[in-house]
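Take a look at the structure below.
The values are calculated or read from the model by the stated rules, or taken from the named source; none is laboratory data. Everything numeric here is computed off the predicted structure, so don't read it as measured data. So basically every Cβ, Gly included, is an ideal-geometry build from the backbone, and we count neighbours across all protein chains shown.
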Amino acid sequence: MSNQTAAGTIPGVKERAAQIVENADRLPSLPTVVLKLMDVVNSSGSSADDASKLIDKDPALTSKMIRLANSAFYGIPRSISSVSSAVVILGFNTIRSLVLSASVAKMFDGKHSIDMDRYWKHSIVTAMISKIIVRHLMSVRMVDPESAFCAGILHDIGKLVFSQHMPDDYAAVCDYAKKEGIPLIEAEDELLGINHEKMGSILAEKWTLPPDLGCVLAHHHDPKQAAEEASYLVNIVHLSDVIAHNLGCGLFDDEVCTQEAVQCRLELKIGNSDYDKIVQNVENSIDKSNEFLSVIVKS
Ligand SMILES: [Fe+2]
Ligand SMILES: [Fe+2]
């Protein structure tokens with residue numbers, strides 16, 4: 001990139017990154033519908049009606065929900081024509097994943113220097129893999145598969161802040177990572193003085209996300225740093241991130257990924273045969289992510 005004068009330096013870039021952190025209160029807030037839906041999902045007295053009434057107020061969101069509910073991603077054999085039947089058939093937690101994905105994609109739909117299709121494909125595939133791993137390990141420990149999906153969708157969200165608020169600088173950071181063959185997070189640390197984990201954790205705090213989800217945003221490249229309560233989820237998302245990269249679903253071609261996968265598999269007690277089954281399942285399902293992507297990002 002032209003404004004990169006020498007390896008590891010872009011004039012004034014660290015100041016510009018620090019400015020974004022300083023003005024974090026100006027970063028976008030989670031839409032009310034997402035916050036209210038999180039309350040509905042977490043409240044034992046809620047009904048499907050409470051959730052569908054919230055979504056029905058937003059016609060654009062309603063049409064996305066119905067398209068997603070009917071997509072191959074969920075493979076529901078009958079046609080779903082209303083939000084209320086989507087909530088009943090897919091369940092609260094899946095609806096929360098859909099609303100969160102659609103709302104966050106809309107919040108960051110401005111101009112970006114990164115390839116947004118590739119960004120969302122990576123996030124959706126990571127989310128899908130996280131859900132597959134949780135389902136596979138269900139007998140070992142109970143984690144809600146949809147919470148894992150949400151964690152996968154959001155894990156790299158800090159990159160979108162850089163790409164939207166300092167597009168040229170972030171393009172230079174990506175170019176530097178490519179040229180040096182290093183993980184993007186290392187290039188961010190070196191050039192920006194801050195990385196997308198830190199930026200993600202700032203957003204998690206602003207959005208008052210649940211602590212385990214915040215921990216994924218903050219530590220998905222180094223699961224050892226995760227708090228004990230969140231360690232299982234952080235290991236799952238890291239492993240999913242690595243598998244997504246290995247399947248060619250990175251932010252750009254040949255993106256180098258931090259590799260703690262061996263340690264993650266030990267932590268999660270995933271032996272070779274389980275791992276092969278997970279990867280096989282992912283390979284069989286990966287095409288289904290395209291329809292999810294087209295509804296979330298292109299409509
Ligand atoms: Fe990341
Ligand atoms: Fe990632």
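Some notes on this structure:
- For beta carbons closer than 7 Å, sequence separation of 6+ or different chains, a first residue in segment 125-137 that is closer than 14 Å to Asp274 by Cβ and a second that is of a type in the set (Ser, Thr, Tyr) and within 15 Å of ligand 2 (Cβ to nearest atom), the qualifying pairs are Ile129/Ser240; Ile133/Ser240.
- In segment 232-254, the residues that are over 15 Å from Cys215 (Cα atoms) and at pLDDT below 90 form no Cβ pair under 9 Å with any partner that is aromatic (Phe, Trp, Tyr) and surrounded by 20 or more Cβ atoms within 10 Å (Cβ to Cβ), whether six or more places apart or across chains.
- Test: Ile124 is surrounded by 22 or more Cβ atoms within 10 Å (Cβ to Cβ) and either part of a helix (DSSP H, G or I) or among the β-branched types (Val, Ile, Thr) (or both): yes
- Residue pairs whose Cβ atoms lie under 9 Å apart, separated by 6 or more positions or on different chains, with the first residue in segment 60-77 and in contact (Cβ under 8 Å) with a residue 12 or more places away in the chain and the second among the acidic types (Asp, Glu), are Thr62/Asp56; Arg67/Glu291; Leu68/Glu291; Ser71/Glu291; Ala72/Asp287; Ala72/Glu291; Phe73/Glu291.
- Qualifying residue in segment 131-153 (condition: surrounded by fewer than 18 Cβ atoms within 10 Å (Cβ to Cβ) and within 16 Å of ligand 2 (Cβ to nearest atom)): no
- Residue check, Gly200 crowded, with 24+ Cβ neighbours inside 10 Å, assigned by TED's automatic domain parsing to the domain that holds Glu283 and part of a helix (DSSP H, G or I): yes
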